[in-house]
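Student: Let me begin by handing over the structure; questions about it come next.
The values are calculated or read from the model by the stated rules, or taken from the named source; none is laboratory data. Please read all numbers here as calculations on a predicted model, not as lab measurements. Note: ideal-geometry Cβ built from the backbone for every residue, glycine included; neighbour counts use all protein chains shown.
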């Protein structure tokens, strides 16, 4: 059943193959034999590739204050083939300020293929990196005496202020893995290692320029190849404008001194991070240039982990600030109404289970419960929600419904901030408890999650973002620290609204509770400030002294800023977190500090918490 | 049942030694090139296992062994287990999507200690086998839509999974099977339409922002409009055998466009695209009128092609510029080799042209290429390996390589045509289509003629996966071919 008509199609296919090969041979013929330029340079000449490094983008704060810029530095390069035997080693060492043994070691290292896989005798190899202007000037005068040594202009980062080290990050030499991952990099190049320097590496780095020089058989440079037609100039990296407010950032870092903790401030209307402080911190200028590897090693060995950006990597129990999420969930699910009253006689007592509480009126409604931070109220809420079989069918379904609410508020998963290393925290679901308790659990077993204890873990960023969603009455934008990349539109991930599952009415009630908390509840201290602050304190229990937490926003209508303050082992929320937040609110709302606030900031700055060195 | 030794004897007598000879020649040439690409001055030990050239010897040796094993297996094995092999590799491809290990942004590499395997390379032979099995089955007719769709599904599944591994280049290779479909009876117009769409897209998008001299006309859009008209006229000539109308259309459209370009360039600058658009509408109207008058459906189908072409081009343009977000657009442009923004694809091509050009007639000799030594050319021992051939072996060497590939493909066509069973023929065409596609894209990209799509040059590019994959493809076919007489007796 051969189809002879189809069989002829082999000639079409064979013809296509012949045609392709013919076209390619003609093309080869043109570029290899007809084009004069290539032929002239064919045998004896070689090309020398000179790389021009682009300047890395600068970084500004939201008000245009320069935070990170470039400073010239110089690399000394060597072409081994040209150095042979005619160099006064001693003079070279003097000019560069190195010892002879270091010189010998360095030369051996360069030739060692295990340490320097890209080695070639004929190309420039990095000999010494990042000499400053002064170090370099002595060498430049004598350079003509050292054939085979060249200069490569580079730049190092400089920082105008000692703040925001975790957000800014730093740059360092590329690792072999970086080179493997991206052809752009060559050994000795720099790459962002932390913070926005890492996250925005592609935008910041620009594009290297290349000059192709011709040299003759003796290695002498004869000029540029084809009059520089194929060269291309470096393209400078793009500048970044951060969303940080430098003054607020500086103040936040100042008040965290001597404490472990984190502060995050977000502009609810945009998701822009106004301040992100993590303590202990370090001066970004510490990690510059040649000192970097040593300094970095020292920091990474420090038991207090100053390199850790606790704002996005620290996992903390949110404590009572979490009660807002509970109120929103119960209200929207119809478990309670704003008028539902629960009793609380110094805690939640049920079948031998006891969750303590402090003295306040009883019974009380939701606004009062938020205001006084009543534990029992929220325990009852969770108890009724998880126990509602008629609505959910099983405790598992109820639990997962609860989890969906938490997730919709940006908890339990990475928010997607534009910084590397963000942690997702922990919001348990039904299968988590099925696994932990072998299916034998109910609302009472997990009751402590209703007050932000137990398994719940959040990052300070998530707590601040929770404040922003409440301020927005039910939605948030993914928090981000860069508000503008020069010449590029903002990533749409940061301009998309994420709605939570809770209703707007529920938000209004919770906001009333948070306002009441400021006026007459747990954060009374903020009541004297004129910006209509809404807040919620937290006192998170842990195996040491309680953590001091605050989450809030201001003003109540048209909110401009949402703040989370977390001070490890700071005691009651009102001890540290609330006064710190008060100073920050004043700074951001008025742009400066009144003398009394300045005094308060001073006091807080010098208060130290004694942390033992155990279990660090 | 013949005794074991007798059968083996038969196999090696009926084996096509010509193909084996070309295969070995290509392997040898390929190894020399990998040496050239990996070698740096002062590094004399090209046989050491720590170098790429040394490792390539290992891959070559294992490939030869693999080839031998395949020859010793029963040829009915592939026919019988075609679907099983296909299903297993599909599963592997699917699992690879979730591979946590990324290399250069692609998840397609499975890493086992020092060994890196790319399942996408092995899926080619499995897909060819499955397609051959399906299309060789009794009663299969690719001209029936249902059957055509089934054959397409076999090809699209692995493509889909490979795209999900972010290895789009390897996925595009599967398009080559349409050449085999064509041999098996797929209407030529489908192949032609497909090629036309690719041409519109690449030409149109690449030169969209290039103005014609100083006029507001966009070269890309204008040329695509002209191409659509020329293709339409050619189809009229070929399918409705109406030579007069063809010349009439060709003359009118090309003449008008040319006149418009000249008028726009030298008299009054204006955008010629709307005029060309109007001409296209006129062509469509003429075809439709002719259809209504003669009742020959071919005219209607051709006008449908014209309308479809215009619609496709404009919607592609619209989707690219309006619907997609900026970063997605950049990715597509980079894939097509239109944007050298990310890792400088345009720059790479330029460098590879310099390298090849500097080779001259005879080349600089083994290990003497300066361009490749000085690391000008990226991926020089994988995707851009042909540069090294061009630089070190010159025009003579690189033309020889191309001729060897051509001979291989022509030889495979001959072998495929002599198969008594359609299974063997279809598989053979699958194999040769894949080789042709790889050579076409890879060499074309190095020579700056086709978009930069990162796929290897068979038997040349460094790497075990691709070498094993190509050896499997080829030797399974050789095994099937060697058994052709036995099959006939069965």
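Student: If we scan region B:231-239, do we find a residue that is within 34 Å of the chain's Cα centre (by Cα), within 14 Å of chain A (Cβ to nearest Cβ) and either in a helix (DSSP H, G or I) or within 30 Å of residue A:488 (Cβ to Cβ) (or both)?
Tutor: Yes; the residues of region B:231-239 include at least one that is within 34 Å of the chain's Cα centre (by Cα), within 14 Å of chain A (Cβ to nearest Cβ) and either in a helix (DSSP H, G or I) or within 30 Å of residue A:488 (Cβ to Cβ) (or both).
Student: Out of (1) more than 8 Å from chain A (Cβ to nearest Cβ); (2) at pLDDT 65 or above; (3) touching a helix residue (DSSP H, G or I) at 6+ places or on another chain (Cβ under 7 Å); (4) surrounded by fewer than 18 Cβ atoms within 10 Å (Cβ to Cβ), what's the single condition that is false for residue B:301?
Tutor: Going through (1) more than 8 Å from chain A (Cβ to nearest Cβ); (2) at pLDDT 65 or above; (3) touching a helix residue (DSSP H, G or I) at 6+ places or on another chain (Cβ under 7 Å); (4) surrounded by fewer than 18 Cβ atoms within 10 Å (Cβ to Cβ) one by one, residue B:301 breaks only (3).
Student: Could you pull out the residue among B:439, B:446, B:452 that is within 14 Å of chain A (Cβ to nearest Cβ) and free of Cβ contacts under 8 Å to residues at least 60 places away in the same chain?
Tutor: B:439
Student: Then there is this: What number of residues within region A:233-261 are in a helix (DSSP H, G or I) and more than 25 Å from residue A:304 (Cβ to Cβ)?
Tutor: The qualifying residues number 1.
Student: Would you check which residues across region A:358-383 are farther than 14 Å from residue A:452 by Cβ and either surrounded by fewer than 19 Cβ atoms within 10 Å (Cβ to Cβ) or free of Cβ contacts under 8 Å to residues at least 40 places away in the same chain (or both) and list them?
Tutor: Listed by number, the residues that qualify are A:358, A:359, A:360, A:361, A:362, A:363, A:364, A:365, A:376, A:380.
Student: Condition first: out of contact with any helix residue (DSSP H, G or I) (no Cβ under 8 Å at 6 or more places or on another chain) and in contact (Cβ under 8 Å) with a residue 12 or more places away in the chain. Now tell me which residues in region B:193-214 satisfy that.
Tutor: B:202
Student: Do we find that residue B:179 is farther than 19 Å from residue B:122 by Cα, within 14 Å of chain A (Cβ to nearest Cβ) and at pLDDT 90 or above in this structure?
Tutor: So residue B:179 fits the description; yes.
Student: Looking at (1) surrounded by 13 or more Cβ atoms within 10 Å (Cβ to Cβ); (2) within 14 Å of chain A (Cβ to nearest Cβ); (3) in contact with a helix residue (DSSP H, G or I) (Cβ under 8 Å, 6 or more places away or on another chain); (4) modelled with pLDDT under 90, which is the one condition that is false for residue B:135?
Tutor: Only one criterion in (1) surrounded by 13 or more Cβ atoms within 10 Å (Cβ to Cβ); (2) within 14 Å of chain A (Cβ to nearest Cβ); (3) in contact with a helix residue (DSSP H, G or I) (Cβ under 8 Å, 6 or more places away or on another chain); (4) modelled with pLDDT under 90 is unmet by residue B:135, namely (4).
Student: Starting from residues that are part of a loop (DSSP other than H, G, I, E, B) and in contact with a strand residue (DSSP E or B) (Cβ under 7 Å, 6 or more places away or on another chain), keep the ones in region A:368-392 and report whichever is nearest to residue A:324 (Cα to Cα).
Tutor: A:373
Student: Okay, next question. Are any residues in region B:416-434 more than 9 Å from every other protein chain (Cβ to nearest Cβ) and in a helix (DSSP H, G or I), and if so, which ones?
Tutor: Matches in region B:416-434: B:423, B:424, B:425, B:426, B:427, B:428, B:430, B:431, B:434.
Student: Could you pull out the residue among B:199, B:203 that is under 15 Å from the mean Cα position of the chain (by Cα), over 20 Å from residue B:118 (Cβ atoms), surrounded by fewer than 21 Cβ atoms within 10 Å (Cβ to Cβ) and not assigned by TED's automatic domain parsing to the domain that holds residue B:93?
Tutor: Numbers: B:203 fails: under 15 Å from the mean Cα position of the chain (by Cα).
Within the list B:199, B:203, the selection yields B:199.
Student: Before we move on, is residue A:396 surrounded by fewer than 21 Cβ atoms within 10 Å (Cβ to Cβ) and not in a loop (DSSP other than H, G, I, E, B)?
Tutor: For residue A:396, the condition - surrounded by fewer than 21 Cβ atoms within 10 Å (Cβ to Cβ) and not in a loop (DSSP other than H, G, I, E, B) - is met.
Student: Going by what's in this entry, would residue B:73 be described as in the same structural domain as residue B:159 (by TED's automatic domain parsing), within 23 Å of residue B:32 (Cα to Cα) and either at pLDDT 80 or above or surrounded by fewer than 16 Cβ atoms within 10 Å (Cβ to Cβ) (or both)? Steps first, answer last, please.
Tutor: Working: in the same structural domain as residue B:159 (by TED's automatic domain parsing): yes; within 23 Å of residue B:32 (Cα to Cα): no; either at pLDDT 80 or above or surrounded by fewer than 16 Cβ atoms within 10 Å (Cβ to Cβ) (or both): yes.
Judged against the criteria, residue B:73 is not a match.
Student: Additional query: If residue B:340 satisfies all but one of (1) in a helix (DSSP H, G or I); (2) modelled with pLDDT under 80, what's the number of the condition it fails?
Tutor: Going through the list (1) in a helix (DSSP H, G or I); (2) modelled with pLDDT under 80, residue B:340 breaks only (1).
Student: Failed condition for residue B:489, given (1) surrounded by fewer than 20 Cβ atoms within 10 Å (Cβ to Cβ); (2) at pLDDT below 90; (3) touching a helix residue (DSSP H, G or I) at 6+ places or on another chain (Cβ under 7 Å), with all others met?
Tutor: Unmet for residue B:489, out of (1) surrounded by fewer than 20 Cβ atoms within 10 Å (Cβ to Cβ); (2) at pLDDT below 90; (3) touching a helix residue (DSSP H, G or I) at 6+ places or on another chain (Cβ under 7 Å): (3).
Student: What are the residues in region A:163-177 that are in a helix (DSSP H, G or I), surrounded by fewer than 19 Cβ atoms within 10 Å (Cβ to Cβ) and away from chain B (no Cβ under 11 Å), if any?
Tutor: The one that is in a helix (DSSP H, G or I), surrounded by fewer than 19 Cβ atoms within 10 Å (Cβ to Cβ) and away from chain B (no Cβ under 11 Å): A:176.
Student: Let me ask another. Counting only residues that are assigned to a helix (DSSP H, G or I) and within 14 Å of residue A:194 (Cα to Cα), how many does region A:287-296 have?
Tutor: Adding up the residues that qualify gives 4.
Student: Inside region A:220-232, can you point out the residues that are more than 11 Å from chain B (Cβ to nearest Cβ) and either in contact with a strand residue (DSSP E or B) (Cβ under 8 Å, 6 or more places away or on another chain) or at pLDDT 85 or above (or both)?
Tutor: Listed by number, the residues that qualify are A:221, A:222, A:223, A:224, A:228.
Student: Answer yes if at least one residue in region A:405-418 is over 25 Å from residue A:524 (Cα atoms) and more than 24 Å from the chain's Cα centre (by Cα), and no otherwise. Before you say what the answer is, go through the steps one by one.
Tutor: Applying the first criterion (over 25 Å from residue A:524 (Cα atoms)) to region A:405-418 yields A:405-418.
Filter again for more than 24 Å from the chain's Cα centre (by Cα), leaving A:405.
Among the residues of region A:405-418, at least one is over 25 Å from residue A:524 (Cα atoms) and more than 24 Å from the chain's Cα centre (by Cα), which makes the answer yes.
Student: Turning to a different aspect of this structure: Might you check whether a residue that is under 19 Å from the mean Cα position of the chain (by Cα) and more than 11 Å from every other protein chain (Cβ to nearest Cβ) occurs anywhere in region B:395-415?
Tutor: No: region B:395-415 contains no residue that is under 19 Å from the mean Cα position of the chain (by Cα) and more than 11 Å from every other protein chain (Cβ to nearest Cβ).
Student: Let me ask something else about it. Answer yes or no as to whether residue B:223 is in a helix (DSSP H, G or I), more than 25 Å from residue B:432 (Cα to Cα) and in the same structural domain as residue B:261 (by TED's automatic domain parsing).
Tutor: yes
Student: Can you give me the number of residues within region A:470-494 that are more than 14 Å from every other protein chain (Cβ to nearest Cβ) and over 11 Å from residue A:415 (Cβ atoms)?
Tutor: 11
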